[in-house]
Structure formats: C-alpha cells, structure tokens
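Visitor: Take this structure first; my questions come after.
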Amino acid sequence: MKNSASKATPLPDITLTDIGGLPEEMKEEISQTLSILKDPQRSAQLGIQAPKGILLYGPPGTGKTLLAQAIAKELGATFFSSSGAAFTELFVGVGASRIRSLFQNARKQQSAVIFIDEVDALAGKRKPHGGEEAEKTLTELLVQLDGGNNNGGVLFIAATNRKDMLDEAFLRPGRIDFSFQLPLPDTFGRREIINIHTKGKRLCEDVVASLDVLAESTSGFSGAELSSLFEMASRKAIRNGREEINRSDLDFAIDRTILGSTSRSLNDP
Ligand code: ATP
C-alpha cells in the first residue's frame, strides 16, 4: 500500500451546524474543548490542560468523520486524514515509520488535526501472538501521543465502530482525553439531519409536509442513510426530467434503503 497517510487532506466547508442529532451535552463539551484548544496558553494559566486526543465512537455513518472535519475547520488546523489499515503492514517497522512521519509532518504545521478512522485496525487490544509489526506500530503511536505539552499543536482524533476492541494503553487519559459517542439519531436528531440534507434541494409540497413523519418512521437510519435518501431521490427526479423531488422519488429512495438493510423495519409514512 502506498503511503499517502502523512499528506494533508483538503477540508470541506463544514461547521458543527452541519451535523445533526448530536446530544446537547456533547455539543457543549465539544465547544468547551474547542475554546481550550483555541487558546491553550490561557487555558494553561487557568490550570486546564489542552486535550491531546479525542475518540469518536458509534455505528457507521453517524457523523464521526464529519465531526472530525468540523473540529479541524473550527480550529483552522491542517487536516491529516487516514485509516488505521494504512498502518498495518507485513514488514516490521513500516507501520511505525509511517506513524512517525505523519506526526512529524503534522508538527510542522502551526496547528494540525490528525484523524485516523477505523483506528481499531491499528490500536486494537494486544494479543499474545499478535505479531511484531502490529506491536511496534501501536507502540510508536503511543510514543507519538505522549509527545510533550500540547503535542506541538497537534490534536489527534480517532474514530471507531468498535471501542470495545481498543487497547487500554491507547485509551489512557493523556493520550485519549475525551471519548464522544455518536449514537444512531433519535426522531428529533433525524429531523435535524433531514433539515440539513434538504437544504438547497427543491421539494414538492407534499414531500415538505411529510418530513416530520419521515423522521418518526425512519428509526434505525443513520445520518449517512438519511443523506443518501435525498441524494437518491434527487437523482430519480432528474432522471425523470423534474427539478423538484416528489413523493414517488422519496418512496423509491426509502424502499431502496430498506432493501439494503435487513436490520430494521419502517412504518411507512
Ligand atoms: P464510518 O464509521 O462508516 O466511517 P462516520 O460515522 O465517519 O462513518 P460520516 O463519514 O461522517 O460517518 O458520514 C457520512 C455522510 O453521512 C456525511 O458526509 C454526511 O453527509 C452524512 N451524515 C452522517 N451523519 C450525519 C449527521 N449526524 N448529520 C448530518 N449528516 C450526517
């Protein structure tokens, strides 16, 4: 696998308001964390340590990547994004050296966010015969996370669907200071996410009138699935030569999404 992990990744134009369904408490904690990170010196004077690492966990498609991007954007930080699998190699030392160069590149920036998705591939619980390479890579990650005060302006954000799989040494405070759980959205959260993903889209009146019911009846849908509902419905409308999404476009998209998942039922609006 080629090593692109240590290159900066462009950030979409995104803010925290583009993420729906976050519990109020989490929003408050995130904005407090951001104010500490924006002014680490002042926070230090007040005796508050800036966090070095944040873990985002929850089911697929609940906005973990989106939140990492919004945090980086809010901090005006350079974003380095990769997946845990980019550091798992057969040859001993390769993963560790990738970790080192990623942190070195990030520390060259005035402020940086390193985001590692599916971090369980890299920081999973150590097994008695887990292999020398995996052990060395994780050890290097721990060494880098321990890097001095404020870690040279680098904030580490990791995401996983399997928090239970993570190594305890990795989760230790001072390495991971906050863990935020992104759950599947409840009805209110789904309504927020529907609002976000219908912004800028043309909807027929009957679709607009059905959005509350849609939020109620899509229990088990993730943010990613709700977003893809409206993308699919949009494409269907365009294919049929219309600019506005109508009920049949939306019903088509709902059916397709349910067919793609056997794990839930939907009380069709
Ligand atoms: P994975 O665990 O599969 O990596 P994830 O939790 O990182 O998933 P994202 O990649 O952030 O999920 O979400 C994919 C897309 O779904 C986003 O770009 C966005 O369009 C939409 N989405 C997901 N969650 C939300 C949310 N809470 N609010 C608004 N949109 C969302």
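Read the figures in this text as sums done on the coordinates, not as results from a lab. As the structure is a computational prediction, the values presented were derived from the model and not from experiment. Heads up, the Cβs are rebuilt from the backbone with ideal geometry, glycines too, and the neighbour counts pull from every protein chain shown.
Visitor: In the range 1-29, what residues are of a type in the set (A, V, I, L, M), in contact with a helix residue (DSSP H, G or I) (Cβ under 8 Å, 6 or more places away or on another chain) and under 20 Å from Arg190 (Cβ atoms)?
Guide: Ile14, Leu16, Ile19, Leu22
Visitor: What are the residues in the range 145-184 that are farther than 26 Å from Leu75 by Cα and of a type outside the set (A, V, I, L, M, F, W, C), if any?
Guide: Those that are farther than 26 Å from Leu75 by Cα and of a type outside the set (A, V, I, L, M, F, W, C): Arg162, Asp164, Asp167, Glu168.
Visitor: Would the range 78-90 turn up any residue that is of a type in the set (A, V, I, L, M, F, W, C) and closer than 21 Å to Gly20 by Cβ?
Guide: No, that holds for no residue.
Visitor: Tally the residues that are in a helix (DSSP H, G or I), among the hydroxyl-bearing types (Ser, Thr, Tyr) and away from the ligand (no atom under 16 Å from the Cβ), restricting the search to the range 207-245.
Guide: Selection size over the range 207-245: 1.
Visitor: For Leu67, state whether it is within 16 Å of the ligand (Cβ to nearest atom), buried (at least 17 other Cβ atoms within 10 Å of the Cβ), at negative phi and in a strand (DSSP E or B).
Guide: Taking the combined requirement at face value, the residue does not satisfy it.
Visitor: Among the numbered criteria (1) of a type in the set (Gly, Ala, Ser); (2) more than 16 Å from the ligand (Cβ to nearest atom); (3) at negative phi, which single criterion is violated by Gly47?
Guide: Unmet for Gly47, out of (1) of a type in the set (Gly, Ala, Ser); (2) more than 16 Å from the ligand (Cβ to nearest atom); (3) at negative phi: (3).
Residues are listed down the side, and each one gets a yes or a no for (1) among the acidic types (Asp, Glu); (2) under 15 Å from Leu141 (Cα atoms); (3) in contact with a Pro (Cβ under 8 Å, 6 or more places away or on another chain):
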{"position": "Glu74", "(1), (2), (3)": "yes, no, no"}
{"position": "Ala85", "(1), (2), (3)": "no, yes, no"}
{"position": "Thr88", "(1), (2), (3)": "no, yes, no"}
{"position": "Phe91", "(1), (2), (3)": "no, no, no"}
{"position": "Ile99", "(1), (2), (3)": "no, yes, no"}
{"position": "Ser111", "(1), (2), (3)": "no, no, no"}
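Visitor: Now for a separate question. Would you confirm, using the coordinates I've provided, whether Lys163 is within 30 Å of Ala215 (Cα to Cα) and of a type in the set (Lys, Arg)?
Guide: Working: within 30 Å of Ala215 (Cα to Cα): yes; of a type in the set (Lys, Arg): yes.
Against the criterion (within 30 Å of Ala215 (Cα to Cα) and of a type in the set (Lys, Arg)), Lys163 qualifies.
Visitor: Can you tell me how many residues within the range 18-27 are within 10 Å of the ligand (Cβ to nearest atom) and not small (Gly, Ala, Ser)? Give the steps one after another, and end with the answer.
Guide: So the first thing to find is which residues in the range 18-27 are within 10 Å of the ligand (Cβ to nearest atom), and the list is 18-22.
Still in the list and also not small (Gly, Ala, Ser): 18-19, 22.
Summing the residues that are within 10 Å of the ligand (Cβ to nearest atom) and not small (Gly, Ala, Ser) in the range 18-27 gives 3.
Visitor: Quick one: in the range 89-110, of everything that is outside any helix (DSSP H, G or I) and under 25 Å from the mean Cα position of the chain (by Cα), which residue is nearest to Leu37 (Cα to Cα)? Working first, answer last.
Guide: Restricting attention to the range 89-110, the residues satisfying the condition of being outside any helix (DSSP H, G or I) are 89-93, 108-110.
Subset that is under 25 Å from the mean Cα position of the chain (by Cα): 89, 108-110.
On the way: Glu89: 33, Lys108: 17, Gln109: 15, Gln110: 13 Å.
In this case the residue turns out to be Gln110.
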